[in-house]
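The values are calculated or read from the model by the stated rules, or taken from the named source; none is laboratory data. From a predicted model like this one, the values you see are computed outputs, not experimental measurements. Cβ sites come from the backbone with ideal geometry, for glycine too, and all protein chains shown count toward neighbours.
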Amino acid sequence: MDIFPLGLAGGLIVLVMFIIILSKCFFTVHTKQAAVIEKFGKFERIAGPGLNFKIPFIEKVVYVEDLNMQLMDVPVMSKTQDDATVTVPVRVQYYVLADKVKEAYYELDDPEDQIKAHVENVILSYIPKINLDDTYQQEDQIAKRIKESLSTVMAKFGYSIENALVTKIVPADAVVKAMNDINAARREKVATEARAEANKITLVRQAEAEAEAKALAGQGVARERKAIVDGLRDSVLNFEEGIQGVDPHEVMALLMMTQYFDALRDIGAQSNTILLPHSPSAVTDLYAQLRNAITAGNLAAMKSVEPPPSAGKK
């Protein structure tokens with residue numbers, strides 16, 4: 001009776017041990033993964049996705065490599081040729097090649113540090129050779145250099161560089177402030193030139209308008225004076241025709257007297273005009289002065305056309 005329970009317990013123990021050993025023999029690997037198998041500490045093989053078998057206690061899964069695309073951001077600070085401090089953020093896309101999982105695991109201890117070191121090497125050897133403005137224009141060239149350098153170096157370690165992107169170059173705060181000041185000054189200069197040009201055009205237009213107005217005013221004055229002279233001439237001629245034997249000078253004096261009284265009438269029509277005592281004889285004096293000036297002008301014109309005394313002698 002005691003032997004049967006002991007045998008049953010031993011059988012259960014053996015069954016449990018068998019199940020444990022059996023569970024150690026099989027393992028699964030997910031899609032886009034690869035398992036590194038070692039045998040007594042030595043590389044044995046690479047196990048792919050699915051159900052896999054290994055010898056328990058002899059073979060061991062030491063690492064499961066992820067074959068999916070990996071993304072790493074590497075910001076690098078550097079100085080440009082014109083001493084402007086900038087930060088170049090680089091985004092690297094990479095993955096482990098399925099046929100080089102062994103190299104990726106055994107040849108390279110820390111792939112991220114390796115990638116970061118090469119990105120910094122490319123940036124620090126390229127950015128100091130160009131100006132700040134060129135860094136924005138050559139983002140694609142910088143990314144291309146990084147990808148080429150990383151692809152060459154990381155290929156022997158089992159890594160493939162899918163892409164290297166320079167997302168956005170970020171200058172230092174002091175550089176940004178200086179750039180904003182320069183842009184503001186440049187825009188203010190353009191605005192000042194535009195305002196000056198507008199003022200110039202306005203002044204030129206005003207000057208042209210004033211010149212044209214003065215020319216028209218001069219023409220108006222000339223026409224007015226001509227009309228006055230023509231009117232006086234017609235008045236004198238009509239007066240001589242109506243009254244025979246009248247001296248033209250007397251007619252002119254009469255007309256001027258008439259103009260004088262017409263002027264007094266127009267002035268008197270203004271309610272706030274004060275007339276001071278004066279004599280109409282001033283018209284006669286004004287006429288005499290006008291006549292003397294006309295006579296002197298005629299004499300001067302006659303003398304200017306006479307030949308000099310020595311012109312007739314030989």
Quiz prompt | Filtered residue count, segment 58-102, keeping only those that are more than 47 Å from the chain's Cα centre (by Cα) and aliphatic (A, V, I, L, M) | solution = 6
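Each row is one residue, and each column tells you yes or no for (1) small (Gly, Ala, Ser); (2) not assigned by TED's automatic domain parsing to the domain that holds residue 49.
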position: 59; (1), (2): no, no
position: 62; (1), (2): no, no
position: 75; (1), (2): no, yes
position: 87; (1), (2): no, yes
position: 90; (1), (2): no, yes
position: 98; (1), (2): yes, yes
position: 102; (1), (2): no, yes
position: 105; (1), (2): no, yes
position: 110; (1), (2): no, yes
Self-check item: Top-ranked residue of segment 123-157 - restricted to ones that are touching a Pro at 6+ places or on another chain (Cβ under 9 Å) and closer than 30 Å to residue 102 by Cα, ranked as surrounded by the fewest Cβ atoms within 10 Å (Cβ to Cβ)
Solution: 157
Quiz item: What residue, among those in segment 135-173 that are touching a residue at least 40 places away in the same chain (Cβ under 8 Å) and assigned to a helix (DSSP H, G or I), is farthest from residue 111 (Cα to Cα)?
Solution: 135
Quiz prompt | Hits in segment 11-60 (condition: in contact with a strand residue (DSSP E or B) (Cβ under 8 Å, 6 or more places away or on another chain) and farther than 25 Å from residue 104 by Cα) | solution = 25
Exercise. Could you check, for segment 14-27, whether at least one of its residues is part of a strand (DSSP E or B) and of a type in the set (Ser, Thr, Tyr)?
Key: no
Practice problem: Considering every residue within segment 51-66, establish whether at least one is in a strand (DSSP E or B) and among the basic types (Lys, Arg). | Solution: yes
Quiz item: Which ones in segment 56-82 are closer than 14 Å to residue 28 by Cα and of a type in the set (A, V, I, L, M)?
Solution: 61, 62, 64
Self-check item: Verdict on residue 168 being under 30 Å from residue 102 (Cβ atoms), surrounded by fewer than 16 Cβ atoms within 10 Å (Cβ to Cβ) and touching a helix residue (DSSP H, G or I) at 6+ places or on another chain (Cβ under 9 Å)
Solution: no
Quiz item: Is it the case that segment 132-155 has a residue that's under 30 Å from residue 35 (Cβ atoms) and among the β-branched types (Val, Ile, Thr)?
Solution: yes
Exercise. Identify, by number, the condition in (1) over 30 Å from residue 133 (Cα atoms); (2) free of Cβ contacts under 8 Å to residues at least 60 places away in the same chain that residue 34 doesn't meet.
Key: (2)
